[in-house]
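J.: Here it is: the structure, laid out below.
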Amino acid sequence: MRYVVVSGGVLSGLGKGVTASSIGMLLKSLGYRVSSIKIDPYLNSDAGTMSPFEHGEVFVLDDGGEVDLDLGNYERFLDITLTRDNNLTTGKVYSKVIEAERRGDYLGKTVQVVPHITDEIQDWIERVASIPVDGNGDEPDICIIELGGTVGDIESAPFVEALRQFQFRVGKENFILVHVSLVPVIGVVGEQKTKPTQHTVKELRAAGLTPDFLVCRAEEPLKQETKEKLALFCHVHESHVLSAHDVSNLYRVPLLLEEQNTTAMIAEKLNLEIPANRPQFDEWMKMADHVDSLEGEITIAMVGKYTGLSDSYLSVIKALQHSAFKVGCKMNISWVEATCLEPETKTNEPDKYQEAWGAIRKADGVLVPGGFGTRGVEGKMLAAQYARENKVPYLGVCLGLQVAVIEFARNVLGLKGANSTEFDEDTPHPAVIFMPEGSRTHMGGTMRLGSRQTNLQTKDCDAFRLYEGAMEIHERHRHRYEVNPDLISDLESAGLRFVGKDTTGQRMEIIELADHPYYFGTQYHPEFKSRPNRPSPPFFGLVEAAYARQS
Ligand code: GLN
């Protein structure tokens with residue numbers, strides 16, 4: 001097993017995740033099996049309890065792991081399936097060590113950060129790196145380890161120390177360190193400043209780690225003199241100072257690194273072979289070119305809760321973009337704050353109300369993504385109603401399916417006050433109810449999480465066409481509430497079709513509407529399995545219908 005560690009300095013948000021997945025992609029294109037581990041130095045056990053509006057989306061894995069969104073990057077770039085253990089957090093490490101201490105495993109010793117926590121980190125990495133991730137059961141050859149946070153933070157110190165020790169455990173020939181840093185430009189002359197990078201490398205070296213490569217984020221390509229200076233002050237070979245300047249699209253990042261001979265230099269350090277042909281790389285290059293040559297544009301109105309952090313819906317955005325690549329057009333997302341569509345806003349803030357409805361009317365399609373909590377739910381229902389009545393393509397994901405069902409119950413079946421018991425416990429018409437798979441009384445662990453099977457009920461539906469003739473669909477879930485089984489026959493007689501159900505037939509997974517160009521809802525979250533060259537089918541359906549509506 002070879003390890004490529006990617007750390008970061010100066011600032012967070014430099015694109016460490018993209019750098020790490022790009023390197024992974026390049027090594028995969030050499031014919032090696034590549035896995036990845038993301039280290040998050042926070043105390044939460046997992047991302048499940050963290051607000052997406054603070055920390056970005058909670059990514060969900062097949063095994064039900066609720067993890068950092070960077071694991072989504074790895075799954076998309078490397079086309080792999082990760083497990084919850086591929087996300088290592090301080091919370092997980094400490095829990096494990098404290099549990100072992102309570103069991104008496106340490107035989108009377110004082111339990112300390114060094115060596116107990118640092119040993120556990122190293123054991124964890126070695127164990128998880130060998131878990132097969134590409135679906136055919138083979139152990140990976142290379143593991144990319146992304147160290148979250150910035151080097152020098154108090155939180156990441158035990159991980160930095162563990163990685164320092166780790167290079168000796170696995171042998172220096174099997175270990176490289178890539179440090180991602182920032183090279184800002186200051187002043188009118190536009191000088192590229194190297195001092196922040198010098199400082200962060202100093203910090204790294206004080207901890208006993210020397211970077212093999214520096215990846216420098218900058219607006220413009222690094223100048224030769226900047227590279228020379230960095231090489232001199234940071235104890236890195238000049239050719240190993242890589243420029244990661246702004247590019248036209250995300251998929252160009254691996255190409256940018258390749259142009260600077262990165263793959264060959266890493267291969268040399270890790271003693272990897274370079275094959276004569278690299279079809280995966282060629283495909284990737286084609287994709288990057290294709291993304292730059294998209295023509296025309298469609299607009300999808302995304303009705304959600306916003307705080308200005310677009311990472312909160314990262315996978316949804318990716319799934320829309322992947323779909324647009326396949327259609328061949330650009331994707332424009334028009335963010336609509338759900339509460340602004342509600343009558344209360346009309347009274348209190350008429351401008352906002354007009355603007356929000358204007359965006360809905362202008363859009364080629366409407367998307368209501370997943371969500372929790374009451375705020376904005378009524379606005380989402382109004383958006384679903386608008387799309388249904390005006391035959392505008394609609395996709396509802398999880399909560400987006402639930403609001404579509406409630407709206408239909410209210411306005412088509414005439415069930416006044418129909419609601420989800422999540423939002424109104426005393427609703428006279430519970431259209432969506434709490435349906436845990438396990439205990440009803442125990443709140444912890446009642447979320448239905450991870451991959452579950454959906455059985456299509458008929459071939460005569462959009463789902464059958466979009467999933468290319470599959471009658472069994474496996475997608476990821478993250479919810480507690482579901483459509484009330486008692487209401488199904490009434491809803492169905494009125495025209496709402498439940499074309500996908502779980503294996504018991506009790507849980508509704510896919511809704512469609514007859515006589516509508518595209519009205520589709522999924523109880524699951526299809527966005528998590530979307531790939532750049534294989535867009536998620538329900539999203540593709542939306543984008544395709546939105547595009548058709550334009551022409
Ligand atoms: N709040 C809803 C539920 O728990 C929807 C969840 C979601 O959209 N992920 O069922």
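Values in this text are rule-based calculations from the coordinates and carry no lab data. A quick note: this is a predicted structure, and the numbers were derived from the prediction, not measured. Here the Cβ positions follow ideal geometry from the backbone for every residue, glycine too, while neighbour counts run over all protein chains shown.
J.: How far apart, in nanometres, would the label points at TYR32 and ASN44 be if each is projected 7 angstrom from Cα along the Cα-to-Cβ direction?
T.: Here the answer is 3.2 nm between the modelled labels.
J.: Of MET302, GLY328, ALA384, which is farthest towards the positive pole of the range 296-432's charge dipole, taken about the Cα centre with +1 and -1 on the beta-carbons of Lys, Arg and Asp, Glu respectively?
T.: Looking along the dipole axis, the top candidate is GLY328.
J.: Right, next: List THR194, THR421 from most exposed to least, where exposure is judged by having the fewest other Cβ atoms within 10 Å.
T.: The most exposed by this proxy come first: THR421, THR194.
J.: Also: Taking the DSSP beta bridges in the chain as the whole, what percent of them are antiparallel, to the nearest 5?
T.: Of the beta bridges lying entirely in the chain, close to 35 percent run antiparallel.
J.: Can you tell which of CYS143, GLY91, VAL180 lies farthest toward the positive end of the dipole of the range 87-217, using +1 and -1 charges on the Cβ of basic and acidic side chains (Lys, Arg; Asp, Glu)?
T.: Projecting each Cα onto the dipole axis, the largest value belongs to VAL180.
J.: Starting from the Cα-Cα distance between ALA206 and SER248, subtract it from 0.36 nm times their residue separation and give me the gain in nm to one decimal.
T.: 11.5 nm
J.: Amide H to amide H, which residues 5 or more places from GLU297 or on other chains are under 5 Å from it, using H placed in the peptide plane?
T.: Counting only residues 5 or more places away or on other chains, the set is LYS330.
J.: Estimate the FRET efficiency between HIS199 and ASP123 by the formula 1/(1 + (r/R0)^6), using the beta-carbon distance for r and 41 Å for R0, to the nearest 0.05.
T.: 0.80
J.: Between LYS223 and SER95, with labels modelled 7 Å along Cα→Cβ, what's the label distance in nm to one decimal, could you check?
T.: 5.1 nm
J.: May I pose another question? By how many nm would the segment from PHE168 to LYS391 grow when fully extended, if each residue of separation counts as 0.36 nm and the alpha-carbon distance is taken off?
T.: Separation in residues times 0.36 nm, less the Cα-Cα distance, equals 74.0 nm.
J.: Considering only the other residues whose Cβ falls under 10 Å of the Cβ of TRP124, what net charge follows from Lys and Arg at +1 and Asp and Glu at -1?
T.: -2
J.: Next question, about the same structure. Take every Cα pair under 8 Å in the range 320-359 that's 6+ residues apart, average their separations, divide by the length, and report that relative contact order as a whole percent.
T.: Once divided by the residue count of the range 320-359, the mean separation gives 30 percent.
J.: Ok, one more. Under a cut-off of 24 Å between alpha-carbon atoms, report the lysines in cross-link reach of LYS202, not counting same-chain residues fewer than 8 places apart.
T.: LYS16, LYS38, LYS172, LYS193, LYS223, LYS227, LYS229, LYS269
J.: Please work out the FRET efficiency for the pair MET1 and THR374, using the Cβ-Cβ distance as r and a Förster radius of 45 Å; give the result to the nearest 0.05.
T.: Result of the calculation: an efficiency of 0.40.
J.: Taking the Cβ of GLY373 as the centre, find all other residues whose Cβ is under 9 Å away and add up their charges (Lys, Arg: +1; Asp, Glu: -1).
T.: Local net charge: +1.
J.: Going by alpha carbons, how many degrees (0 to 90, nearest 10) lie between the helix axis of 90-103 and the longest principal axis of the chain?
T.: 80 degrees
J.: Expected output is a single nm value to one decimal: the length gained when fully extending between ASP426 and VAL189, i.e. 0.36 nm times separation in residues minus the C-alpha distance. What is it?
T.: 78.7 nm
J.: Among TRP335, TRP284, TRP124, which comes first, then next, by fewest other beta-carbon atoms within 10 Å?
T.: By the 10 Å Cβ count, ascending: TRP335, TRP124, TRP284.
J.: Divide by every residue of the chain the summed helix terms, -39500 (n - 2.57) for each DSSP H run of at least 4, and state the resulting mean residue ellipticity at 222 nm, rounded to the nearest 500 deg cm²/dmol.
T.: The helix contribution divided over the chain gives -11000 deg cm²/dmol.
J.: Check cross-link reach from LYS286 to the lysines: straight Cα distance under 20 Å, and skip same-chain residues fewer than eight apart.
T.: LYS28, LYS318, LYS326, LYS330
J.: Working from Cα positions, state the angle (0 to 90°, nearest 10) between the long axis of helix 314-327 and the longest principal axis of the chain.
T.: 80 degrees
J.: Across the range 384-400, in residue order, what do the Karplus-derived ³J(HN,Hα) couplings come to in whole Hz, using 6.51 cos²θ - 1.76 cosθ + 1.60 with θ = phi - 60° and x for Gly and Pro?
T.: Residue by residue, the range 384-400 yields 5, 5, 4, 5, 5, 6, 9, 6, 8, x, 9, 10, x, 10, 6, 4, x Hz.
J.: Still on this structure, I have one more. May I ask you to derive the relative contact order of the chain, considering only C-alpha pairs under 8 Å and at least 6 residues apart, and to give it as an integer percent?
T.: Relative contact order comes out at 14 percent.
J.: Would you please give the FRET efficiency between ASP292 and ALA494, computed as 1/(1 + (r/R0)^6) with r the Cβ-Cβ distance and R0 = 45 Å, to the nearest 0.05?
T.: After rounding to 0.05, the efficiency reads 0.45.
J.: Treating the beta-carbon of each Lys and Arg as +1 and of each Asp and Glu as -1, no other charges, what is the dipole magnitude of the chain about its Cα centre, to the nearest 20 debye?
T.: Dipole size: approximately 320 debye.
J.: Spin-label point model (7 Å from Cα, Cβ direction): what's the GLU344 to ASN332 distance in nm?
T.: 3.1 nm
J.: Taking a 18 Å limit on the Cα-Cα distance, which of the listed pairs LYS459/LYS529; LYS305/LYS352; LYS346/LYS380 fall beyond it?
T.: In this structure, LYS459/LYS529 lie more than 18 Å apart at Cα.
J.: Further question on the same structure: Taking amide H atoms as placed 1.01 Å from N in the peptide plane, list the residues 5 or more away in sequence, or in a different chain, whose amide H sits under 5 Å from that of VAL215.
T.: HIS179, VAL180, SER181, LEU242
J.: Hey, if you put +1 on the Cβ of every Lys and Arg and -1 on every Asp and Glu Cβ in the chain, which of SER493, GLY358, SER530 ends up farthest toward the positive end of that dipole?
T.: SER530
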